[in-house]
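Presented below is the structure to which this report refers.
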Amino acid sequence: MSQIDWLSNLLQMITITGQLEVRCVYGAPWRVVWAQAAAHEIPYHVVLKGRAILEDPERETAMELVSGDIVLLPHGAAHVLHDGSGHAPGITHNRRGSAGWMLSENDGQGEHLDLLCGRFFIGPPHDRLIRSYLPTNLVVRALDRHGGEGIESASNHLASLVGLMRMESDGDKPGGLAILNALSSALFTLVVRAASESEQASAGLLALAGHPRLAPAISAMFADPARPWTLPDLADLSSMSRATFMRHFQDALGRSAVELLTDIRMSLAANALKKPAMTTEAVAESVGYQSVSAFRRVFTDRMGMTPGQWRRLARDGE
């Protein structure tokens, strides 16, 4: 069986939209501080030109980003971007265009930076699912320096997408905001796809490309989550013993197969609970629970609220 399209399956369960917020055009020295993102938000940065140092104060890590690099922060961590010189930054001048995003400039005479900054919005309450299966930072390149066909789809499509975002952010054209936001949404999918094909895909869902033997089991869980799957069932699909399957799954995804199946079920249940005509009992049965009390217990543990609370929250939000 071919590797599952886990990304499409994930995005069918979770609504993710994107928004460009600011284009930074700076000369060194410069420094920008980003606070911890709100729940259901993932910051992103695209380096169009120049370079930047990305620091995570809490984890005490730093990395250099160069032209063509795209970084996503799935855990929404507070971070700092700066030119690396250690010099005090100058004053910035901000103006908001008619398309809604902001142009931020300074009077620095040093190395030039052109940077797009925005964020993705995850339809609640699915942010926990994203953060459980994606790393703290995702960094990919919009260009393939080696010209290899193996990552052509990811790198070349990203380069084209970033080129469009740059063009749309160069002026206030009719429909510019809608186009930029649509391109931002596509950016998430392409970045995650590219990351799954890169060397950083060591764990979580990104690691699936390197573990094709697990694909049949994961495909089955996504395709029929309500089925009463057992570990021997899933191990058989992957042609492994139960113990070998459990070890490979935990090593690859950083979670057990039971945890992934539960996360899939609860995400689908959260979507189904939005439907007024669907009772909690019907939702529980649709995701594989014969006991409503057991479903309520698992949903509350996973989502941080009862099914009834989530239903009311979703209704009020709409």
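Some points to look at:
- Here is how the number arises for the chain: DSSP H runs of 4 or more residues each give -39500 (n - 2.57), the sum is divided by the residue count, and the result at 222 nm is -12500 deg cm²/dmol.
- Distance between the pseudo-spin-label points of Met167 and Val33 (7 Å out from Cα toward the beta carbon): 3.9 nm.
- Along its principal axes, segment 175-258 has C-alpha extents of 54, 31, 17 angstrom, given from the largest down.
- In segment 56-93, GluC sites (Glu not before Pro) in a DSSP loop with at most 13 other beta-carbon atoms within 10 Å: Glu58, Glu60
- Portion, in percent, of the accessible area of segment 102-142 that falls on carbon or sulfur, probe 1.4 Å: 52 percent
- Candidates Gly86, Gly163, Gly97: whichever shows maximal mean-square fluctuation once the chain is modelled as a Gaussian network with Cα springs under 10 Å: Gly86
- Heavy-atom accessible surface of Thr15, to the nearest 10 Å², is about 90 Å², with a 1.4 Å probe and all protein chains retained.
- Carbon and sulfur %, accessible surface of segment 168-258 computed with the full protein complex present, 1.4 Å: 55 percent
- Sequence of Leu205, Leu164 from largest to smallest accessible area, 1.4 Å probe: Leu164, Leu205
- Under 12 Å, Cβ to Cβ, from Pro216 - net charge with Lys/Arg +1 and Asp/Glu -1: -1
- Note that the chain presents 47 Å² accessible area per residue, ligands and nucleic acids not counted, probe 1.4 Å.
- Each residue was assigned an accessible area with a 1.4 Å probe, and for Asp56 the value is about 10 Å².
- Per residue, the average separation of C-alpha pairs within less than 8 Å and at least 6 apart gives the chain a relative contact order of 19 percent.
- Solvent-accessible area of Val139 with every protein chain in place, 1.4 Å probe, in Å² to the nearest 10: 40 Å²
- Over all orientations, segment 170-318 has a Cα convex hull whose mean projected area works out to 12.1 square nanometres.
- When only alpha carbons of segment 1-41 are considered, Rg and Dmax amount to 17.5, 53 Å.
- Electrostatic dipole magnitude of the chain [Cβ: Lys, Arg +1; Asp, Glu -1; Cα centre; debye, to 20]: 900 debye
The values are calculated or read from the model by the stated rules, or taken from the named source; none is laboratory data. Keep in mind it's a predicted model, so treat the numbers as computed, not measured. A quick note on method: Cβ atoms are made from the backbone with ideal geometry, for glycine too, and the neighbour counts reach across all protein chains shown. Quick note on the areas: whole protein, heavy atoms, side chains included, nothing else; ligands and nucleic acids left out. Shrake-Rupley method; radii C 1.70, N 1.55, O 1.52, S 1.80 Å.
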